[in-house]
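Asks: My structure is below; once you've seen it, I'll send some questions.
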Amino acid sequence: MKLKIADNIRKYRKEAGLTQENLAERFGVSFQAVSRWENGTTYPDIELLPAIAEFFGVGIDELMGATKEERKKASDHYYLRLNRTVDPKERLALLHEIHREYPKDATIIWNLCSVTEDLEEKRKLTDLLIEVCEDDNRIYVPQAIGWLINAEQEDRVEALLKKHTVELELCREMRLEERYRYRKEWEKYELNKQNNLRKALLDLVFPRLVKDYPEKIDAENSLFASQMRISVIDLLTGKTNMNHVSGDGIPDLWYPVRLQAGFRLSAQLAALGESEKALDVLEDITALYEAFWNLPDQTILTYRTPVLDKIEARLHKCRMPSPIASPNYNNAQFNARTLHSITDGVDFHHPFWSVWDYSPLVLRLGWEWFDSIRFHPRYLACIARMKYFETEDIFPQ
């Protein structure tokens with residue numbers, strides 16, 4: 001995309017009656033730098049663009065001379081390149097390239113926050129992300145803050161924690177629950193309590209069932225965590241002593257947890273030499289996968305348990321590019337489904353890709369525990385059954 005920032009800086013400067021020296025002094029650069037901006041040799045530093053645009057009373061897009069249509073087309077092209085780029089160094093370089101052109105794109109800033117190893121850059125990017133994020137992508141902010149806390153120097157961690165976090169007792173969810181109980185607003189109280197329980201299970205309890213520091217990453221330790229996740233769900237839903245993973249085999253809002261716990265359980269059993277059990281589990285997962293992808297569009301799903309009976313989500317079918325960054329997928333579109341909350345006050349959105357849901361079976365990296373059964377006919381049959389749902393012409397109507 002051809003930018004007209006050089007022409008526009010010169011135009012706006014002259015309209016303001018300023019010399020290159022005046023503009024240089026205003027932004028703390030040399031007049032030679034301004035000269036290079038105006039002849040197109042270089043661009044202003046990305047951190048200066050908002051200030052320059054504000055100084056001239058224009059938007060960044062207007063300063064850069066790009067129409068919305070041009071920028072949308074260029075943005076789509078960049079995201080396509082990003083999706084195809086796997087090599088970490090090349091991906092980082094491309095993210096920097098995109099960020100220079102789209103300095104306030106929250107998704108790009110968030111991606112950069114996750115991969116950059118430059119601590120000072122991570123600090124600046126996190127602050128910028130907090131500034132530019134709007135309601136529809138606020139989820140980026142706590143993740144970026146978490147990455148910064150993980151990487152920060154020890155003597156600065158406490159200040160970061162005080163700035164960006166609160167004690168559990170003061171968290172938003174707990175305070176709202178207490179408010180509704182105190183005010184005897186029982187309908188709001190019950191919904192908030194259930195939503196807090198859902199989040200606690202998914203974000204606090206389930207991830208902490210396994211000792212995942214390096215000396216404890218073994219199949220036996222991990223097996224316990226997978227079994228416990230499934231057991232807790234079965235206990236809550238009253239589906240104990242049924243199938244290995246799927247409960248009664250009917251998909252509900254526990255589907256993503258059952259699916260991932262099931263893949264891990266199968267891989268762990270395979271690593272422990274329990275091949276037949278591993279394949280039995282895998283076939284149960286495959287049946288659950290098929291049941292989910294055969295659900296009619298607009299199906300309403302629940303957690304099917306009294307303690308979460310206020311929470312519902314609607315299933316939508318669609319087509320999406322693969323989330324797997326690989327040249328093998330190019331521009332391919334795959335069957336996808338999204339779950340959107342239909343319960344007021346519950347932030348619930350979960351996307352599924354037909355090609356991504358069974359990726360543990362075909363992506364070896366990180367799933368080496370499957371190696372002992374990877375070429376077993378039953379294993380390959382499960383992949384074939386799941387792969388069936390990728391193509392558009394057989395998508396369930």
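The values are calculated or read from the model by the stated rules, or taken from the named source; none is laboratory data. Everything numeric here is computed off the predicted structure, so don't read it as measured data. All Cβ positions, glycine included, derive from the backbone under ideal geometry; neighbour counts span all protein chains shown.
Asks: May I ask you to say which residue of 266, 275 is in contact (Cβ under 8 Å) with a residue 60 or more places away in the chain, surrounded by fewer than 20 Cβ atoms within 10 Å (Cβ to Cβ) and among the small types (Gly, Ala, Ser)?
Replies: Result of the check over 266, 275: 275.
Asks: Output yes when any residue across region 152-167 is exposed (fewer than 12 other Cβ atoms within 10 Å of the Cβ) and under 21 Å from residue 348 (Cα atoms), and no when none is. Working first, answer last.
Replies: Residues of region 152-167 that are exposed (fewer than 12 other Cβ atoms within 10 Å of the Cβ), as a first pass: 153-155, 158-159, 162-163, 167.
Within this subset, residues satisfying the condition of being under 21 Å from residue 348 (Cα atoms) are none.
No; the residues of region 152-167 include none that is exposed (fewer than 12 other Cβ atoms within 10 Å of the Cβ) and under 21 Å from residue 348 (Cα atoms).
Asks: Also, I was wondering about something else. Scanning region 13-68 for residues that are among the acidic types (Asp, Glu) and under 20 Å from residue 100 (Cβ atoms), which turns out modelled with the highest pLDDT? Explain how you work it out, then say what you get.
Replies: Of the residues in region 13-68, the ones among the acidic types (Asp, Glu) are 15, 21, 25, 38, 45, 47, 54, 61-62.
Add one more test, that the residue is under 20 Å from residue 100 (Cβ atoms), and what stays is 38, 45, 47, 54, 61-62.
On the way: 38: 88, 45: 80, 47: 74, 54: 83, 61: 69, 62: 73.
Once the filter is applied, the top-ranked residue is 38.
Asks: So which residues in region 39-54 are more than 31 Å from the chain's Cα centre (by Cα), buried (at least 18 other Cβ atoms within 10 Å of the Cβ) and in a helix (DSSP H, G or I)?
Replies: 52, 53 - these are the residues of region 39-54 that are more than 31 Å from the chain's Cα centre (by Cα), buried (at least 18 other Cβ atoms within 10 Å of the Cβ) and in a helix (DSSP H, G or I).
Asks: Considering (1) modelled with pLDDT of 90 or more; (2) exposed (fewer than 13 other Cβ atoms within 10 Å of the Cβ), say which one residue 116 fails and leave the rest.
Replies: Of (1) modelled with pLDDT of 90 or more; (2) exposed (fewer than 13 other Cβ atoms within 10 Å of the Cβ), only one is false for residue 116: (2).
Asks: Considering region 160-172 alone, what residues qualify as being within 15 Å of residue 126 (Cα to Cα) and in a helix (DSSP H, G or I)? I'd like the intermediate steps shown before the answer.
Replies: We begin by selecting, within region 160-172, every residue within 15 Å of residue 126 (Cα to Cα); these are 160-161, 163-165.
Residues satisfying the conditions are 160, 161, 163, 164.
Asks: Among the listed residues 158, 152, 190, which satisfies the condition of being outside the structural domain of residue 303 (by TED's automatic domain parsing), in contact (Cβ under 8 Å) with a residue 60 or more places away in the chain and either charged (D, E, K, R) or closer than 26 Å to residue 264 by Cβ (or both)?
Replies: 190
Asks: Next question, about the same structure. Taking region 1-52, which residues are of a type in the set (A, V, I, L, M, F, W, C), touching a residue at least 40 places away in the same chain (Cβ under 8 Å) and touching a Phe, Trp or Tyr at 6+ places or on another chain (Cβ under 9 Å)?
Replies: So in region 1-52, the residues of a type in the set (A, V, I, L, M, F, W, C) come out as 1, 3, 5-6, 9, 16, 18, 23-24, 27, 29, 31, 33-34, 37, 46, 48-49, 51-52.
Applying the additional criterion that residues be touching a residue at least 40 places away in the same chain (Cβ under 8 Å) yields 1, 3, 5, 9, 16, 46, 49, 52.
Listed by number, the residues that qualify are 3, 5, 9, 16, 49, 52.
Asks: Can you say whether residue 212 is more than 30 Å from residue 177 (Cβ to Cβ), of a type in the set (Asp, Glu), at pLDDT below 95 and not in a helix (DSSP H, G or I), as far as the supplied structure shows?
Replies: So residue 212 fails the test.
Asks: Kindly evaluate residue 155 against the criterion of being over 26 Å from the mean Cα position of the chain (by Cα) and either modelled with pLDDT under 90 or not in a loop (DSSP other than H, G, I, E, B) (or both).
Replies: The answer is yes for residue 155.
Asks: Now for a separate question. So, of the residues in region 228-268 that are part of a loop (DSSP other than H, G, I, E, B) and among the polar types (S, T, N, Q), which turns out to be farthest from the chain's Cα centre (by Cα)?
Replies: 241
Asks: Let me ask you something else. Please verify whether region 132-145 includes one or more residues that are free of Cβ contacts under 8 Å to residues at least 60 places away in the same chain, over 24 Å from residue 347 (Cα atoms) and outside the structural domain of residue 50 (by TED's automatic domain parsing).
Replies: No; the residues of region 132-145 include none that is free of Cβ contacts under 8 Å to residues at least 60 places away in the same chain, over 24 Å from residue 347 (Cα atoms) and outside the structural domain of residue 50 (by TED's automatic domain parsing).
Asks: Considering only residues that are over 24 Å from residue 294 (Cα atoms), assigned to a helix (DSSP H, G or I), in contact with a helix residue (DSSP H, G or I) (Cβ under 6 Å, 6 or more places away or on another chain) and not hydroxyl-bearing (Ser, Thr, Tyr), which ones fall in region 345-378?
Replies: Selection gives 369, 370, 373.
Asks: Out of (1) out of contact with any strand residue (DSSP E or B) (no Cβ under 9 Å at 6 or more places or on another chain); (2) in contact (Cβ under 8 Å) with a residue 40 or more places away in the chain; (3) part of a helix (DSSP H, G or I), what's the single condition that is false for residue 203?
Replies: (2)
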